[in-house]
1. Kindly provide the set of residues from region B:139-153 that are in contact with a Phe, Trp or Tyr (Cβ under 9 Å, 6 or more places away or on another chain) and within 7 Å of chain A (Cβ to nearest Cβ), ordered by number.
2. Could you please find all residues in region A:39-97 being within 16 Å of DNA strand C (Cβ to nearest atom), in a helix (DSSP H, G or I) and not hydroxyl-bearing (S, T, Y)?
3. Take the conditions among the acidic types (D, E) and not assigned by TED's automatic domain parsing to the domain that holds A:E269 and apply them to A:E195. Does it pass?
4. Give all pairs with beta carbons closer than 7 Å in which a residue from region A:321-337 that is touching a residue at least 40 places away in the same chain (Cβ under 8 Å) meets a residue that is surrounded by fewer than 19 Cβ atoms within 10 Å (Cβ to Cβ) and of a type in the set (F, W, Y); count only pairs at least 6 apart in sequence or on separate chains.
5. Checking A:L117 against (1) in a helix (DSSP H, G or I); (2) within 10 Å of chain B (Cβ to nearest Cβ); (3) in contact with an Asp or Glu (Cβ under 8 Å, 6 or more places away or on another chain); (4) not small (G, A, S), only one condition comes out false. Which one?
6. From B:R102, B:R97, B:R67, B:R85, which residue is of a type in the set (K, R) and either closer than 29 Å to B:E230 by Cβ or within 11 Å of chain A (Cβ to nearest Cβ) (or both)?
7. Restricting to region B:17-33, and then to whatever is in a helix (DSSP H, G or I) and more than 9 Å from DNA strand C (Cβ to nearest atom), can you tell me which residue is nearest to the other protein chains (Cβ to nearest Cβ)?
8. Looking at region B:154-166, which of its residues are more than 7 Å from chain A (Cβ to nearest Cβ) and aliphatic (A, V, I, L, M)?
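The values are calculated or read from the model by the stated rules, or taken from the named source; none is laboratory data. A quick note: this is a predicted structure, and the numbers were derived from the prediction, not measured. Using ideal geometry, Cβ is built from the backbone for each residue, glycine included, and neighbour counts are taken over all protein chains shown.
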Protein chains: 2
Amino acid sequence: MSTALNERSRKILEAIIEDHIASAEPVGSRAITRRHGLGLSPATVRNVMSDLEEMGYLAAPHTSAGRIPTEKGYRFYIDSLLRIRALSPQQKERIRRYYRRRGLRADELLREAGRVLSNLSHYTGIVMAPQFTTSVFRHIEFVRLSQGRILVIFVAENGLVQNKIIESGEDLNQHDLEQMHNYLNRTYAGLSLAEVKKRLLREMSQDKAQYDRLLGRSMRLFQAALKGEESRELFIEGFSRMLEQPEFSDLERMKRLFKAFEQKSLLVEFLDKCQNSQGVQIFIGSETDYRDIEGCSLITASYSSAGGTIGTLGVIGPTRMAYSQVIPIVDYTAQLMSQLLESDLE
Amino acid sequence: MSTALNERSRKILEAIIEDHIASAEPVGSRAITRRHGLGLSPATVRNVMSDLEEMGYLAAPHTSAGRIPTEKGYRFYIDSLLRIRALSPQQKERIRRYYRRRGLRADELLREAGRVLSNLSHYTGIVMAPQFTTSVFRHIEFVRLSQGRILVIFVAENGLVQNKIIESGEDLNQHDLEQMHNYLNRTYAGLSLAEVKKRLLREMSQDKAQYDRLLGRSMRLFQAALKGEESRELFIEGFSRMLEQPEFSDLERMKRLFKAFEQKSLLVEFLDKCQNSQGVQIFIGSETDYRDIEGCSLITASYSSAGGTIGTLGVIGPTRMAYSQVIPIVDYTAQLMSQLLESDLE
DNA sequence: GTTAGCACTCCCGTGGATTGAGTGCTAATC
DNA sequence: GATTAGCACTCAATCCACGGGAGTGCTAAC
């Protein structure tokens, strides 16, 4: 009952977890000896399993069922047992092919990534789009919609487009608006939006007087367009895959999970917290600390552009997930998104 | 056994359907006499029910259960028994209040409509966005993304924004692009996109030679931006409401339904066919001729702008739907969308 | 330390038996 | 002739007992 696991226990734990991932059923001692023939009898395996349960890596649904891994079991499996094979060039090529279609807008690209993640993993794909404020500003455009209502269109360097309606106190005609956005484009293109905000603030207060009416108004409009909380877009694709998982044949549970997905905001918040980490992150069950998706694991990776991470994508599935297959897919997809979003720059 | 229904049969049919809508259970003869006390004994009601079954308005799941309405029964109910009360001014005001938030973009407005439809009806709300080609052209903008890749942004009179990436053979700098879209905006604003297409074609062939290089290129770019199939956006909101309906406690069925929603394209196709009809349309069960949503009914209405219908919205729920409540909500929401999308014009 | 053997536990499927809601029919009643 | 009370019948759903099977834990032998 030493707390460290010896080679044999690890082998058995691994075998149990892998069998359970494949079958979704509790795994018994005989099944292990049959399928993994470690040169041990069922009785021996039973003793080891009993120890593993004692240590919290396994649990028994009831006396005469086999064992299923606990979250601690999965955690150990992922940290110590799992070896991830990098994708072969062929596999990478196969994934890349999904994105080959030309003329895909950035948002379409991200949604497509969600679909691909779902299809390849057989779970649900999630992609959080970049926060606009972290992007590099490329272009702004004002279009007068009606008395006092102006449509603002931003374009970021990575090709993401966002639009917004602002209400300006005074009515501005389209010609003035054009002059205004021309000025803004000349002045601020190439800066990050955060920087734009800062400069805007400085310039407006510092030398306010020096600017003529038009420029002052341009800046005020820009500022109005930039302010306000910004909800990040989240693409969730392939939820129906979840319906295929036996663990969600419980309707009540399904319903909760679905509502969580429909809500999105909590998931966005969570992914936002993941965003600053490098590489693939794995959250098993309650490790997400997010009750509605109980029984699920989350594999995420962030994608980046121009140095910083800008968004997060991943796969959400039951804790009993085929981690070894999903992890490299998520990893590579994140790399790919970084490349593809970058490629709009020359 | 005459084929026409007398007053008494109609009353009983109505009572059965309304009870069934409320309870989702087969309705028995005693329940009718108890809850609707028509001054008849259960035995009499049984005789009538038997006739109604004979005529195809009711069906019995098995010998000793009550009766449930058939699609024919619902159809008769809707066509002949149901009287719809128009919404009271208070109810209308309550609905309008949902849209009072300012600065809502057209697409946000439509999605919000889906949510509101879902919340008020307790079923799933669907909103098909206007087809861009039928909109009135207000503004176009070209933004150079990279070597040969141009982002095109369209704005329609109703405030809808669409963007697209086109690949131009030659590399154009941003300054040229601006001149081009300025020209296009001056020339074509206010026309419907269909008309723009036509004029573009005519002008390009007729007096091709007369145009200078820039104008010719502008038109070619515009044309490139307009071509290609256009997938209509469809907002489906509140699917989780379906999970609450007892008829979908069958997992297999749920799954089919969900996949149908995830697919969207068939639903778009179907709604597209509804679009040219006036007023509220109701499709009961297999009347949609769309197998995946079997057991569901669809209540739709089209919203319009500048005379023509531009999109369709509605509610999808089980055939056992609270028609009398949902119909006026769908009707009024469609009217409201017409108004709200119009209000961008002065 | 490992393993064979065995008693024990518990889930699950099967097959009556029972219950209850509801029907259809018949004969009596209005 | 329409309506209704009464009654036999049907069928799904529920409960319960039972047996089989999978799996465990313990003990004693290797």
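1. B:H139, B:E141, B:L151, B:I153 - these are the residues of region B:139-153 that are in contact with a Phe, Trp or Tyr (Cβ under 9 Å, 6 or more places away or on another chain) and within 7 Å of chain A (Cβ to nearest Cβ).
2. Filtering region A:39-97 down to residues within 16 Å of DNA strand C (Cβ to nearest atom) leaves A:39-54, A:59-68.
Retained after the next criterion (residues that are in a helix (DSSP H, G or I)): A:42-54.
A:P42, A:A43, A:V45, A:R46, A:N47, A:V48, A:M49, A:D51, A:L52, A:E53, A:E54 - these are the residues of region A:39-97 that are within 16 Å of DNA strand C (Cβ to nearest atom), in a helix (DSSP H, G or I) and not hydroxyl-bearing (S, T, Y).
3. On the way: among the acidic types (D, E): yes; not assigned by TED's automatic domain parsing to the domain that holds A:E269: yes.
Yes; evaluated as a whole, the condition is true for this residue.
4. Listed pairs, sorted by first residue: A:L336/A:Y99.
5. All conditions are met except number (2).
6. Working: B:R97 fails: either closer than 29 Å to B:E230 by Cβ or within 11 Å of chain A (Cβ to nearest Cβ) (or both); B:R67 fails: either closer than 29 Å to B:E230 by Cβ or within 11 Å of chain A (Cβ to nearest Cβ) (or both); B:R85 fails: either closer than 29 Å to B:E230 by Cβ or within 11 Å of chain A (Cβ to nearest Cβ) (or both).
Every option except B:R102 fails the conditions.
7. Here is the first cut: in region B:17-33, the residues in a helix (DSSP H, G or I) are B:17-23, B:29-33.
Still in the running and more than 9 Å from DNA strand C (Cβ to nearest atom): B:17-23, B:33.
Values: B:I17: 27, B:E18: 27, B:D19: 25, B:H20: 22, B:I21: 22, B:A22: 22, B:S23: 19, B:T33: 35 Å.
Across region B:17-33, the extreme among qualifying residues is B:S23.
8. B:A156, B:L160
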